[in-house]
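The values are calculated or read from the model by the stated rules, or taken from the named source; none is laboratory data. It should be emphasised that the depicted structure is a prediction, and the values quoted were computed from it without experimental measurement. Don't worry about glycine lacking a Cβ; one is built from the backbone with ideal geometry, like all the others, and counts go over all protein chains shown. The area values use the complete protein model at the heavy-atom level, side chains included, leaving out ligands, DNA and RNA. Shrake-Rupley method; radii C 1.70, N 1.55, O 1.52, S 1.80 Å.
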Amino acid sequence: MKYSKQEVMQYVQEEDVKFIRLAFCDVFGRQKNISIMPQELPRAFECGIAFDASSIAGFGDETHSDLLLCPEPETLSLLPWRPEHGKVVRMFSGIFHPDGRPFECDTRRLLKDAVEDARKAGYQFAFGAEQEFYLFRLDESGSPTKIPYDEAGYMDIAPDDRGENIRREICLTLEQMGIPPESSHHEEGPGQNEIDFRYSDSVTAADNAMTFRTVAKTVAHRNGLSADFTPKPLPDRPGNGFHINVSVRNGGDSDSMYPMMAGILEKISEMTLFLNPSESSYKRFGSHRAPKYISWSNENRSQLVRVPAAWGEYRRAELRSPDPAANPYLAFALIIHAGLYGLKNNSQLPMPADFNLYKADASVLAQFRRLPADLEDARRAASCSSFIRQIIPGSVLDSYCGGSK
């Protein structure tokens, strides 16, 4: 259900809500929030709640540090793990300068701008996210270890799969928040899990990806565990992927998918910094079904982009290189812009690579472009890209190319 401002204020009054979290994220996709009391809600809707932006990564320094959070009522959600009496709710918030201008480093705003560019061009994008994470034990002081919660494998069941009840609790919590998962299962690594989501519009899908990470970490901690979304938590074990399923519509024209895919393949090297923003992101590439080469195929999980077996409204392209260190707002915005590039230029896909790239000869692999080999390689590709500079504000690009994470 999407609420209006008046309905939110009525809900807060009638449902014994005592704290309202105004949520946003820094340029790297780390979620932040400010909690306000119910009596402050009218002021928040009318003129925003001020905060010190100089303390947020990528938001600037102390010289112009005041920014405002303006909650979006349609994103209201109850936090089910908080007390039943004195409830806590959350709304995602836009970020603005004191004079009312949108803040240029608000990555959620960048995604909204990409959606509007697509609408003007006659296209509508939808996303479905698949995020993997490890469950690790805590030590005696409550700090995370690298000891997996179980030793189960891909799609194993209980009792080998000890994460079954944790995934169940995560899914039920998300359902209470109005975010119904599509499926969940044990992944290939020990203690590794995956939960997948149905298609949503671009901004809702990114909001849901952010919410999922918070819920998974909260539920895991409540059960004496740590949920680890880093790209490569264990050496010689599968990394965590953030597989992004994307579809595009243009008046029901399903043929739009292939030029969209061609645009993504053409721009992927320039985008990789934002899809894989940490050093460990590049340790994942090329093993355990994580891609290394720029290629595509139908159904083939050794490829960068695959077209899963589906028909009609479920037909989509799956981009397999991103990992959960990515800011989903930036990731989706760049995918939209790359897709639009392919659509506007009627870009043509290369021939599909209908074979297993992990077992191919070196002479075959030499015919394919590679993804950036490491973080510095990705930074160079992004910083030299006119495509990236047209989309990503200079201060955000500088944060990714040289700022601390």
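So, taking all protein chains as they sit and a 1.4 Å probe, how much accessible area belongs to VAL203, in Å² rounded to tens?
Surface accessible to solvent at VAL203 totals approximately 20 Å².
Please report the carbon-and-sulfur percent of the accessible area for segment 353-405; probe 1.4 Å, protein heavy atoms only, DNA, RNA and ligands left out.
The nonpolar share, carbon plus sulfur, comes to 48 percent.
Specify the inter-centroid distance of segment 181-256 and segment 334-404, based on alpha-carbon positions, in whole Å.
That distance is 22 Å.
Per DSSP H run of at least 4 residues, take -39500 (n - 2.57); add these up for the chain, divide by its residues and hand me the 222 nm value, nearest 500 deg cm²/dmol.
The helix contribution divided over the chain gives -10000 deg cm²/dmol.
Express the accessible area of the chain per residue in Å², computed with a 1.4 Å probe while the remaining protein chains stay in the model.
Here the per-residue accessible area is 44 Å².
Counting Lys and Arg as +1 and Asp and Glu as -1, each charge on the Cβ, what is the dipole of the chain about the Cα centre in debye, to the nearest 20?
600 debye
Project the alpha carbons of segment 250-405 onto their principal axes and report the range along each, largest first, in whole Å.
So the three principal-axis extents are 43, 41, 25 Å.
On each of the three principal axes of the Cα atoms of segment 246-289, give max minus min coordinate, whole Å, ordered largest first.
On the principal axes, segment 246-289 reaches 41, 22, 14 Å in Cα extent.
The list (i) 0.96; (ii) 1.55; (iii) 0.98 gives values of Rg/Rh (Cα atoms, Kirkwood Rh), and only one came from this structure; which label was calculated from it?
Answer by label: (i).
Could you work out what % of the accessible surface of segment 230-284 is carbon and sulfur, using a 1.4 angstrom probe and leaving DNA, RNA and ligands out of the count?
Carbon and sulfur together cover 44 percent of it.
When only Cα pairs under 8 Å and 6 or more residues apart are kept, what is the percent relative contact order across segment 184-290?
Relative contact order, segment 184-290: 21 percent.
Quick one: pull the percent of accessible area on segment 71-213 belonging to carbon and sulfur, 1.4 Å probe, ligands and nucleic acids left out.
48 percent
Would any residue of segment 121-153 have its amide N under 19 Å from a label point 7 Å out along Cα→Cβ of HIS185? List them or say none.
What the label zone holds, given the 19 Å backbone N cut-off, is 128-135, 150-153.
Let's see if you can work this out: charge +1 on each Lys and Arg Cβ, -1 on each Asp and Glu Cβ, no other charges. What is the dipole magnitude of segment 278-405 about its Cα centre, in debye to the nearest 20?
60 debye
Using only C-alpha positions, report the orientation-averaged shadow area of the convex hull of segment 1-126, nm², one decimal.
Projected over every direction and averaged, the Cα hull of segment 1-126 covers 9.0 nm².
Using only alpha carbon pairs under 8 Å that are at least six residues apart, calculate the relative contact order of the chain and give it in whole percent.
For the chain, the relative contact order is 15 percent.
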